[in-house]
Amino acid sequence: MLLKTLTEAFGPSGFEDDVRSVIRTELQATVDHMETDVLGNLFVQKLASETEEQKHQPRVMLDAHMDEVGLMVVHIEDNGLLKFQPIGGVDSRILLGKTVIIGKQRISGVIGFKPFHLQSHEENQKVPKIEDLYIDIGVDTRQAAEALVARGTPVVFATAFEFVGDRAMKAKSFDDRIGCAVLVEVLKQSVPLTVHGVFAVQEEIGLRGAEVAGYRVQPDIAIALEGTVCSDGVGTPSHRQATILGAGPALTVQDARTIADRRFLEFVISVAEKHDVPYQLRRVKAGSNDFGAIHQARGGVIGGGISVPVRYIHAPSQIASLDDFENTVRLVRAVLTELAAGGFQL
């Protein structure tokens, strides 16, 4: 299954090679052009059938980022324990005892801290800082650790993809491999207008790949396909429930980097309603996606974000809905159909 392969791929920010390889293999027989830039962004072009009207259609860019949050080894202790720093937004409260995969050799490790029994009362009352944690790879000397792991080696969580419940899925990197999967599924089918797909790098450390990609593609319209925060758990007030699992793709109104173009947002809503696709509005400002960088490229770009809700985002184990994923694919295809038909005027 594509989602399993993508989410289990090793790809923290700056180390997206394995993810890019999966996507290249998946799309090489169905797209018209693929190219990688110096940062590692993968540019994919899918041509529509040639028509007289085609030349008047907008230049459309669909974006999804390949990278996931992770860790990086920065020091090796004399006893072989690895000290690390985060790559992207990682919460130290969810790290204790988690299993990880390290570097190209895929070394297994466990994130550790001083045992509960040996902590002082003060330590027991505080959340450990990342600098107090370490990764244990089962060796007991610096030399043994250095034979396996170098400083600067990237680390990801060791979470396998699996279905939970009837229509939910668990994995480590739905942010944003689920957006990558949406884009792959869209590009596998015929498209009513030419689509410029971008699988971007380094979103989690500042939308860096998307900034370059937006400048290069020069789209008229761009849509970021994202796995977004879902906060519908027990005790969360309704006004803080950013999205709800199973309620459909989420449309961005405002986030930390973007205020949605109102005309385009209303257009996407009208498309969803016309094609009977469930949707919801992303209702908090926190966070952002690649459109935050793309919309500022050159003279500015119209568009927005269409996202799949993800519970426990940036955590070692995340939950997403297969229904939300499939409805997001449906909505993106419907938007392309309506754009090709002239349903939105620039």
Notebook entry, point to check: Relative contact order, percent, of the stretch 151-240 when contacts are C-alpha pairs under 8 Å separated by at least 6 residues?
Noted result: 25
Notebook entry, point to check: Can you give the Kirkwood hydrodynamic radius for the stretch 71-157, in Å, rounded to one decimal and based on Cα pairs?
Noted result: 13.2
Item checked: Charge dipole magnitude, Cβ of K and R +1, D and E -1 - the chain, Cα centre, debye nearest 20 -> 360
Next item on the list: Grab the Cα-Cα distance for Phe163 and Arg151, subtract it from 0.36 nm times how many residues apart they are, and report the gain in nm with one decimal.
Entry: 0.8 nm
Checklist line | Environment charge at Asn79 (Cβ cut-off 13 Å; Lys +1, Arg +1, Asp -1, Glu -1) | finding: -3
Notebook entry, point to check: Under a Cβ-Cβ cut-off of 10 Å, what is the net charge of the residues other than Leu322 that fall near it, where Lys and Arg count +1 and Asp and Glu count -1?
Noted result: -3
Check: Hey, what's the Cα Rg ratio for the stretch 73-219 versus the globular rule of thumb, 2.2 N^0.38 Å?
Finding: 1.35
Next item on the list: Please report, in cubic angstrom per residue, the volume enclosed by the convex hull of the alpha-carbon atoms of the chain.
Entry: 143
Margin query: List the residues, sorted by chain then number, that are 5 or more residues from Ile302 or on another chain and whose placed amide H is less than 5 Å from its amide H.
Written below: Ala222
Check: Cα centroids of the stretch 277-314 and the stretch 152-180: how far apart, whole angstrom?
Finding: 20
Checklist line | Fraction of antiparallel bridges per DSSP, the chain only, in percent to nearest 5 | finding: 60
Margin query: What would the Debye equation give as log₁₀ I(q)/I(0) for the stretch 269-343 at q = 0.20, 0.21 Å⁻¹, counting only Cα atoms as equal point scatterers?
Written below: -1.07, -1.13
Margin query: For Cα pairs less than 8 Å apart in space and 6+ apart in sequence, what is the mean separation divided by the residue count of the stretch 36-175, i.e. the relative contact order in percent?
Written below: 27
Check: Given the stretch 1-134, what percent of its DSSP beta bridges are antiparallel, to the nearest 5?
Finding: 95
Note to self: Which GluC sites (Glu not before Pro) in the stretch 1-96 sit in a loop by DSSP (not H, G, I, E or B) and have at most 15 other Cβ atoms within 10 Å of their own Cβ?
What the structure shows: Glu50, Glu52, Glu53, Glu77
Margin query: I want the local charge near Ile221. Using Cβ-Cβ distances under 13 Å, sum +1 for each Lys or Arg and -1 for each Asp or Glu among the other residues.
Written below: -2
Margin query: Please compute the Kirkwood hydrodynamic radius of the stretch 125-207 from all pairs of different C-alpha atoms, in Å with one decimal.
Written below: 17.6
Next item on the list: With only Lys, Arg, Asp and Glu charged, each at its Cβ (+1 for the first two, -1 for the last two), find how big the charge dipole of the stretch 240-315 is about the Cα centre; round to the nearest 20 debye.
Entry: 240
Item checked: Mean shadow area of the stretch 24-97 over all directions, Cα convex hull, nm² -> 9.1
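Bear in mind that the values in this text are calculations on the coordinates, not laboratory data. In this text, all values refer to a predicted model and were calculated from it rather than measured experimentally. Counting neighbours? That spans all protein chains shown, and the Cβs are built from the backbone with ideal geometry, glycine included.
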